[in-house]
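Right, one structure below, let's go through it.
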Amino acid sequence: MVLLKDVTVTFQNGVTALDDVSLTVSDGEFAFIVGESGAGKSTLIRLLINEIPPTSGRVYVNGFELSKLKKSRAHKLRRSIGYVFQDFKLIDSMTVYENVAFVLRCTDATTRTIRNRVPDAISLVGLKDKVKCLPRELSGGEQQRVAFARAIVANPKLIIADEPTGNLDPKTSLEIIELLKGLNEKCNTTVIMVTHEHEFVRAFGGRTVTLRDGKVVFDGFLNPSL
Amino acid sequence: MRISGVNFLVKRGISNIKHNRVMSLASFCVLTVSMLLIGFTFLFLLNLNMMIGDVEAQNEVIDFLEDNLTDTQTEMIGQSISSVQNVASVTFYSKEQGFAEIRGRIPNSEELFDYIGDDSPLPDSYRVKIHDLSEISPALMAINRIEGVYQVQAPTDFIGILTSLRGAFTVIAAAVLAALLIVCIIVVSNTARASVDMRKREITIMKLVGATNEFIRIPFFIEGLTMGLISGGFSAAITYISYNAVNNLLSHSDTTLFTALGVGGLIPPGTIALPYIAATIGGGALISAIVTGLSTHKYLKV
């Protein structure tokens, strides 16, 4: 579960990126966070992954209260979250297999666990034939699929997708969102997807939170138009 | 951590060298040059120190004995001198040996020695070598007090110069080596930082997917260690080969530089090879590993 209570984030230059935001995303929910550039979406993500602290208010993610979480314990929070980023954030020097397996290696998983789960995750995103490829040998869509496989391989409670379709063509974007939707429905994984592409949100519908100038201006359900 | 985890981190550290070829080559060159610089300076200072020691060892104190002593008395005096603290060795020189030595030292002076005749005008003496020349005065005073010793001759001025020279040399050598070490650590550190800087994105990703600082740092540490081992081994080999060549060149000349200086020669390569190679490889590996590991620090604050 994700809970933000009266959260304000003001940067050192005086800019308030989030202004008294309160938000709850329950376990198993799929929520779109939408807003124009500068609305506070990226700040919200950075807050949730403990990259920046709130100036005031409280943030709870998967049972961790972030204002009380020490930097040295941040890895415990991050292991309970799967990430999909706009720029994929794959490790260039690792193959597809190693990029996905890295998440499990961080948790000191057994070799057997790695050998079982990694091929499954890669197969799920349809890249079974590209396990030995380096990220630079893949298309943007394929790289995002690897990022998706990496995000799900450790069975996280929460997936945060930050503009996952930002660098992809419409067809691949739809496939990525369908993968996220499928995971949410089949595995009851909580998904928070940040996007500025309203057409996708309207197409898929569901819980939608709109940010504007750091404030929540809409929090409700949209009917899918697909 | 499981063995498979350790295995992964070690493999990752070594494969990092391959993936970052350009920076690895730069690190290798900087490390090798640094170690060569320190190594050559160290060997030069070590040999210079030994040469000063050789010159010191040649300085003797001559104790002239009174005339008309019996053999027993002379022997007793020798034993007394041996028992004085800081005395390394005592050798008896008869008056005839002493006179012959002087004759040998002053060539083309037959007329002078004809005038003196065959009888030695010198008394019997003991040639005494001292362990620690900086503490020679108490030994001289003790020898002077022995009954039957007529006069003690010691090159105290020269010994004073040598003692000061060795003291100054020790300070200068330590300062030069310390300065070189600091410069090398800074240069190696900058290279390691540049190498790590190129991979800050990778470190950030690793942090975001839940890696601990240690998990990220260990491959960098292994990478630094491996680079240090390779550079250390390479520089040790170059230093050893060069040192051996210089030693052969200087010691096989007809009139060697060492004879002219009155010193024994360079420290034999075989004597210093093992400790030197071990220190170079070990030191290089340790410095490189620590510096590379520490360079990741600022990128781990994600």
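The values are calculated or read from the model by the stated rules, or taken from the named source; none is laboratory data. Remember, it's a predicted structure, so these values are computed and weren't measured experimentally. Quick reminder, even Gly has a Cβ in these numbers, built from the backbone with ideal geometry, and neighbours come from all protein chains shown. Please note that ligands, DNA and RNA were not included when accessible areas were found on the heavy atoms of the full protein model with its side chains. Shrake-Rupley method; radii C 1.70, N 1.55, O 1.52, S 1.80 Å.
Side notes on the structure shown:
So that you can scan it fast, the table gives a plain yes or no per residue for (1) closer than 22 Å to B:C184 by Cβ; (2) within 11 Å of another protein chain (Cβ to nearest Cβ); (3) among the basic types (K, R):
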site: B:I3; (1), (2), (3): no, yes, no
site: B:R12; (1), (2), (3): no, yes, yes
site: B:A26; (1), (2), (3): yes, no, no
site: B:T32; (1), (2), (3): yes, no, no
site: B:F44; (1), (2), (3): yes, no, no
site: B:M51; (1), (2), (3): no, no, no
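- In the stretch B:1-32, residue farthest from B:V188 (Cα to Cα) [restricted to those that are in contact (Cβ under 8 Å) with a residue 60 or more places away in the chain and surrounded by fewer than 18 Cβ atoms within 10 Å (Cβ to Cβ)]: B:V10
- Only listed residue being touching a helix residue (DSSP H, G or I) at 6+ places or on another chain (Cβ under 9 Å), open to solvent by less than 30 Å² (accessible area, probe 1.4 Å) and within 14 Å of another protein chain (Cβ to nearest Cβ), chosen from B:S195, B:S235: B:S195
- Among (1) touching a residue at least 40 places away in the same chain (Cβ under 8 Å); (2) farther than 13 Å from A:Q144 by Cβ; (3) open to solvent by 20 Å² or more (accessible area, probe 1.4 Å), the one test that A:C187 misses: (1)
- Residues of the stretch A:1-18 satisfying the condition of being in a strand (DSSP E or B) and open to solvent by 50 Å² or more (accessible area, probe 1.4 Å): A:K5, A:D6, A:T10, A:T16
- Restricting B:N190, B:N213, B:N244 to those that are within 14 Å of chain A (Cβ to nearest Cβ), under 27 Å from B:G282 (Cα atoms) and either over 18 Å from the mean Cα position of the chain (by Cα) or without any contact (Cβ under 8 Å) to a residue 40 or more places away in the chain (or both) reduces the list to B:N213.
- For the residues A:L168, A:L134, the requirement of being within 14 Å of another protein chain (Cβ to nearest Cβ), open to solvent by 20 Å² or more (accessible area, probe 1.4 Å) and not basic (K, R) singles out A:L134.
- In the stretch A:77-87, residue surrounded by the most Cβ atoms within 10 Å (Cβ to Cβ) [restricted to those that are facing another protein chain (nearest Cβ under 8 Å) and charged (D, E, K, R)]: A:R78
- From the options B:A168, B:A175, B:A237, residue that is assigned to a helix (DSSP H, G or I), closer than 24 Å to B:N59 by Cα and at pLDDT 85 or above: B:A168
- Boolean, A:V194 is in contact (Cβ under 8 Å) with a residue 40 or more places away in the chain and either open to solvent by less than 10 Å² (accessible area, probe 1.4 Å) or out of contact with any strand residue (DSSP E or B) (no Cβ under 9 Å at 6 or more places or on another chain) (or both): yes
- Scanning the stretch B:198-208 for residues that are free of Cβ contacts under 8 Å to residues at least 60 places away in the same chain and either surrounded by fewer than 22 Cβ atoms within 10 Å (Cβ to Cβ) or outside the structural domain of B:S34 (by TED's automatic domain parsing) (or both) turns up B:R201, B:E202.
- Residue tally, condition more than 19 Å from B:N213 (Cα to Cα) and either open to solvent by 10 Å² or more (accessible area, probe 1.4 Å) or facing chain B (nearest Cβ under 10 Å) (or both), over the stretch A:101-120: 10
- Residues (assigned to a loop (DSSP other than H, G, I, E, B) and touching a strand residue (DSSP E or B) at 6+ places or on another chain (Cβ under 8 Å)) located in the stretch B:113-145: B:L122, B:P123, B:D124, B:H131
Residues are listed down the side, and each one gets a yes or a no for (1) closer than 20 Å to B:R145 by Cβ; (2) out of contact with any helix residue (DSSP H, G or I) (no Cβ under 8 Å at 6 or more places or on another chain); (3) not charged (D, E, K, R):
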{"residue": "B:F64", "(1), (2), (3)": "yes, yes, yes"}
{"residue": "B:T74", "(1), (2), (3)": "yes, yes, yes"}
{"residue": "B:Q79", "(1), (2), (3)": "yes, yes, yes"}
{"residue": "B:S82", "(1), (2), (3)": "yes, yes, yes"}
{"residue": "B:V87", "(1), (2), (3)": "yes, no, yes"}
{"residue": "B:V90", "(1), (2), (3)": "yes, no, yes"}
{"residue": "B:S94", "(1), (2), (3)": "no, yes, yes"}
{"residue": "B:Q97", "(1), (2), (3)": "no, yes, yes"}
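- Flag if A:D27 is in contact with an Asp or Glu (Cβ under 9 Å, 6 or more places away or on another chain) and either open to solvent by 60 Å² or more (accessible area, probe 1.4 Å) or among the basic types (K, R) (or both): no
- For the stretch A:197-225, a tally of residues being under 24 Å from A:E142 (Cβ atoms) and open to solvent by 60 Å² or more (accessible area, probe 1.4 Å) returns 1.
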